[in-house]
Amino acid sequence: MMIGGRVIAPEGFLCLSKGAVYHFLQSDSARNRVRLILFADDGNDVSAQLVTISAVEFEEALENDLLICDNSSGIYPPWLEPVQGVAIPHLESLRRSKKESYDQKVDRRYMAIAELVSRFLEILASDNPNAIINAHAKSQRPQQNAGRLRFWFYSYIIFGHNKWALLPKFHRIGGWNRGDPSRVRKLGRPSSKGRKFGYPVTADMKEKILSGFLKFKSSYKTQESLYNVVLTREFKCVVHIKKDGTRVFGHPEGQPFPSQVQFKYWLKKMISPDALARELKGAHKKRAQSGSQGSFSERLTNVNQRVEFDGYYISEKLTGLTEGSAVDSFCVVRAVCGLSGAVVGIGFSEGKENMAAYRMALFSMAVDKVRFGELFGMEIKPGEWPCVGLSGGVVFDRGPGAGLKCEPEINWLGSFELTPVYSGQSKATVESSHPRDKKSFEQPTYFHSKLNFVEMAKREIFQVLWDNHTSDAGRRMSEEMLLTGFKPTPHNIWNYLDSRCRNSSIGMPFDTAVRTFLTQHSAMIQKDAVYFYGRKYRSQALMNTRVFDRVARNGAIKITAFAMTMCVRHIWVEVEGVLFELDIVRSASTLPGSIDISLQDLKEIDTMRRAGAAALREERPAMQQEYIDRFNRNTGEEWGSGVRKLGRAGKGAPAQRDIADYNRFRGQRNE
């Protein structure tokens, strides 16, 4: 056992008390004695008591487990544990009065025992070390306190000859009971209105402060307004106006009440800092002003192990399809991998954030991105967006995405988490990945983009590729990634982890993804094409089923079609259990830019087509009657004047003469 090791007698042993902690000082086998030090701490002061027992009894007690030795925690004084590990310069900075620094205090104490330290082997070998230390204390000028000198000497020897073991116990100053009922004087700094102005805070006042705070607390109130409410409601104080116009609080019966400083002080004393900040600032503001508790990626090992979803709105105004005016943009929903930070899916909504946008983001996650780009008429190169597959751990906020029905998705969905309301830090990965506009303090303006809905959706898909290949994901990289030497982008991190099979993605066939995630609409199969909101779609595969021949014989068939919200270049229909992808039917007059329109634009065009057809139906009888009336006025005869007779018209001599007269009238020869 080394010097300073702890010795404990669980059941007591000889002169060693049960529950006391002794520190090993010396084992002198030549003189058959072991010396221990007991540092007695009564709460106000610490003293050192020398204990001596025979070496034989000590060793037998160790062998019989009557004594327990511990070397692990005997290198620092137990009365200094609250400041253990705190740098001395920092302790100095916390002091109010610095007439003498900690270093000077410790050096002064060491100089008082320096001569004893140089002779410590001689002193410990003596029969009465305390007598030598006491004699040395009396010889000092000025004379030293013998008990204090013994305490310094033994502390220095026991705790590794470390001079900082002599550090004063200033951290224990001010620990007396301020709530003692016998104290009637107000504590703390004197008031500017007089040293004896105000009331001491009693236990009854503390109870009222706490109960008033719990009753009237609100994150929308300041501490000042809360103080006013507690004083008037709990303490029954009223406002008095002095002769000089000053307004102060007072009690009608002269009962004590706390000052504003006392109110704030005792709130901090009675309520934990976290709880007080949460009640005064609100949970979200308190969390925003708190230190980081770590990133979500620290708990993940695979890509697509956890994916966060969130939507943002494009600030630019888009160009309308019919009039070309500035119209509000739409919501973009992104899915971001929690480990790599890569955007793994994207969805769009028709205006406001809705569930269809989240389901489209899931659809984009499930399908190959080269195929996904083709659906929008854009090229995504193989490997340019390698994120394919669903995630078993999905995180939505409590918006429209909270309506996801989990039971139908049980085959791939492992966990579905909803974050608290207005808690962006609960899905910080996706929140921090959103594109942001530069803030300006100039006069408000808006940007009218030349892009329409589909073109803006294409730009957002390219924005995903931009972010995946250029975002700085250096903080997500492990040391082994750094040693590999690739650029710190989400795309490279995904490829690195995927190449090592650290991928939790769940595959889904394309047809299943269409049926599962895309929005269903009504369509009509007619004899020439499938009509979807007035637009014609066909595919050779569907024509090979000869469904159009059956429709031509039996009439139109109403079916269900699947479509993406932001681009209706393609739709999918199910015929006889088989899913067919249909392309738009282009004619020679079809403009190149009219193919890629959103579902909402297609609906508007279909509405206009139906409105035009309805207007024509309503106006047609009147138009027909107008031409009938004009004919009557011009000829003096009715439009349909004449007589219907039975049989066929006669071809006798009268008829032949009429035909000849008619031919001469037209200038033709009779044959």
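The numbers here are math on the coordinates, done by the rules we state, and not lab data. On a predicted model such as this, the values are computed, not experimentally measured, just so you know. Counting neighbours? That spans all protein chains shown, and the Cβs are built from the backbone with ideal geometry, glycine included.
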**OP:** Please list the radius of gyration and Dmax for the range 6-172, considering alpha-carbon atoms only, with Å as the unit.
**Re:** 17.1, 53
Original post:
Using the count of nearby Cβ atoms within 10 Å as a rough guide to exposure, how do ASP45, ASP204, ASP467 rank from fewest to most?
Top reply: ASP204, ASP45, ASP467
Subject >> Sequence-distant residues sharing a close amide H with ILE571 (under 5 Å, placed H) >> reply: LEU582
**OP:** Work out from phi, with θ = phi - 60° and the Karplus expression 6.51 cos²θ - 1.76 cosθ + 1.60, the ³J(HN,Hα) of each residue of the range 341-348, listed in order in whole Hz, and give x for Gly and Pro.
**Re:** x, 6, 6, 9, x, 8, x, 10
Subject >> Ascending count of other beta-carbon atoms within 10 Å, so fewest first, for PHE580, PHE170, PHE235 >> reply: PHE170, PHE235, PHE580
Original post:
Among ILE659, ILE241, ILE8, which comes first, then next, by fewest other beta-carbon atoms within 10 Å?
Top reply: ILE241, ILE659, ILE8
**OP:** Add +1 for every Lys or Arg and -1 for every Asp or Glu among the other residues with Cβ under 14 Å from the Cβ of LEU497, and state the total.
**Re:** +2
**OP:** Would you please give the residues with an amide H less than 5 Å from that of ILE559, counting only those at least 5 places away or on a separate chain, with H modeled from the backbone geometry?
**Re:** ALA523, MET524, ILE525
**OP:** Give, in whole angstrom and from largest to smallest, the semi-axes √(5λ) of the equivalent ellipsoid of the range 301-399, with λ running over the eigenvalues of the Cα gyration tensor.
**Re:** 26, 18, 10
Subject >> Efficiency of FRET from Cβ geometry, ARG195 and LYS236, R₀ 41 Å, rounded to 0.05 >> reply: 0.90
**OP:** Lys and Arg at +1, Asp and Glu at -1: add these up for the other residues within a Cβ distance under 9 Å of ILE53 and post the number.
**Re:** +1
**OP:** Using only the C-alpha atoms of the range 203-288, find the volume of their convex hull and express it per residue in Å³.
**Re:** 98
